[in-house]
Amino acid sequence: MNTFHSEFIATETPRDSSHDASANHPYTLEQVFQFSQHIRQEIAHALVGQDTAVYHTLIALFAGGHILIEGIPGLGKTLLMRALAKTFNGGFSRIQFTPDLMPSDVTGHALYDLKTQEFNIRKGPVFTHLLLADEINRSPAKTQAALLEVMQENQVTIEGQSFVLPSPFMVMATQNSIEQEGTYPLPDAQLDRFLLKIIMGYPTAAEESQLVAAVTHEKMGNILNVDQVRTIVTHHDIAAAQQYVARILVDQRVIDYAVRITRATREDRSLLMGAGPRGAISLVRAARAAAMLAQRNFVIPEDVKSVAHAVLRHRITLSPALYMEGYTADKVLSRLVEQIEVPRQ
């Protein structure tokens, strides 16, 4: 065990159980870790490869955040969400964002019943546990804003009535990284609402061969099959696990480290815009989930580093000169993170 780990445990393990990550709910670290691994294994029965995307999706789920996925069609984004929903018997909805999609198509609306002469509330597809917002940049700003407001507040107001969304609630929004014609790019202030941005790439040759064999074996069409995925926990278990993760210990030095990384993006002159305070907050939230997935009840600096790219890549804006030189957000972040001193003791 390195010096930082030893000192952290010695100085930061709380004596008051009110600050313990296992207080006030029925789960231990071992239990939460085990069913997170079982969820990952069940998803693998339906989705071939994409281990990084699955890992970051679990981080977002247990941290209670939302994710933006960028990648071409056909990489398994819908299958990932359907498989994840089945593991805890959660509700799943998919919205195909189009230029004519209205905010009420997302959140719901009131309908007048001629028989009863009353307005009835018809809830929209956001009333679910997992929502896939497909090609979110295909809809105008007003519709995008309706969804992003729901993501922030976890409730919907229809005709003056407020309706709380189910728990857990997570949005996976997708963007096509290539085709930009007829799109409405998300403003930076709205991108900031997503805990993580995931870049979903092509599978390896071996994974693609396995995928083709699985999809075409005695099957017709392109039906997304999650029959082999078992339901192993409930949505109550996921909500309790989120509460556990929210109470995982974070040393002040680790918080300062996350802040320094975030502030470095603002101080770098090669960037037009750096990450705001929500960037540091998101680093700590995601690092807590990363610690749990590493079977620890405390966060170390390496947890922050492991999620830095996914947390910050959509919160920074590169200068035109960097784009022309072939730089990417990840390349800039790698440079900045390596320049920040890691706290030890």
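The values are calculated or read from the model by the stated rules, or taken from the named source; none is laboratory data. A quick note: this is a predicted structure, and the numbers were derived from the prediction, not measured. Glycine also receives a Cβ, built like all others from the backbone with ideal geometry; neighbour counts cover every protein chain displayed. Only protein heavy atoms, including side chains, enter the accessible area calculation; ligands, DNA and RNA are left aside. Shrake-Rupley method; radii C 1.70, N 1.55, O 1.52, S 1.80 Å.
Observations on the structure shown:
- Residue satisfying all of: in the stretch 298-319; of a type in the set (Ser, Thr, Tyr) and either part of a helix (DSSP H, G or I) or out of contact with any helix residue (DSSP H, G or I) (no Cβ under 8 Å at 6 or more places or on another chain) (or both); least open to solvent (accessible area, probe 1.4 Å) among these: Ser319
- Qualifying positions in the stretch 36-47 - closer than 17 Å to Tyr202 by Cα and open to solvent by 30 Å² or more (accessible area, probe 1.4 Å): Ala44
- Note on the stretch 320-345: residues that are in a loop (DSSP other than H, G, I, E, B), open to solvent by 100 Å² or more (accessible area, probe 1.4 Å) and at pLDDT 90 or above amount to 1.
- Against the list (1) part of a helix (DSSP H, G or I); (2) under 30 Å from His38 (Cα atoms); (3) open to solvent by 10 Å² or more (accessible area, probe 1.4 Å), the condition Gln295 fails is (1).
- Options Phe33, Phe62, Phe119, Phe92: the member that is open to solvent by 20 Å² or more (accessible area, probe 1.4 Å) and closer than 20 Å to Val245 by Cα: Phe33
- Some residue of the stretch 129-145 being under 13 Å from Thr98 (Cα atoms), part of a strand (DSSP E or B), of a type outside the set (Asp, Glu) and modelled with pLDDT of 90 or more: yes
- Members of the stretch 70-123 found to be out of contact with any strand residue (DSSP E or B) (no Cβ under 8 Å at 6 or more places or on another chain) and at positive phi, listed by number: Gly74, Gly76, Asn89, Gln117
- Residue in the stretch 183-212 that is farthest from Lys142 (Cα to Cα), counting only those that are open to solvent by 50 Å² or more (accessible area, probe 1.4 Å) and at pLDDT below 80: Leu211
- Here Arg269, Arg288, Arg247 are screened, and the one residue that is open to solvent by 60 Å² or more (accessible area, probe 1.4 Å), in contact (Cβ under 8 Å) with a residue 60 or more places away in the chain and within 30 Å of Leu336 (Cβ to Cβ) is Arg247.
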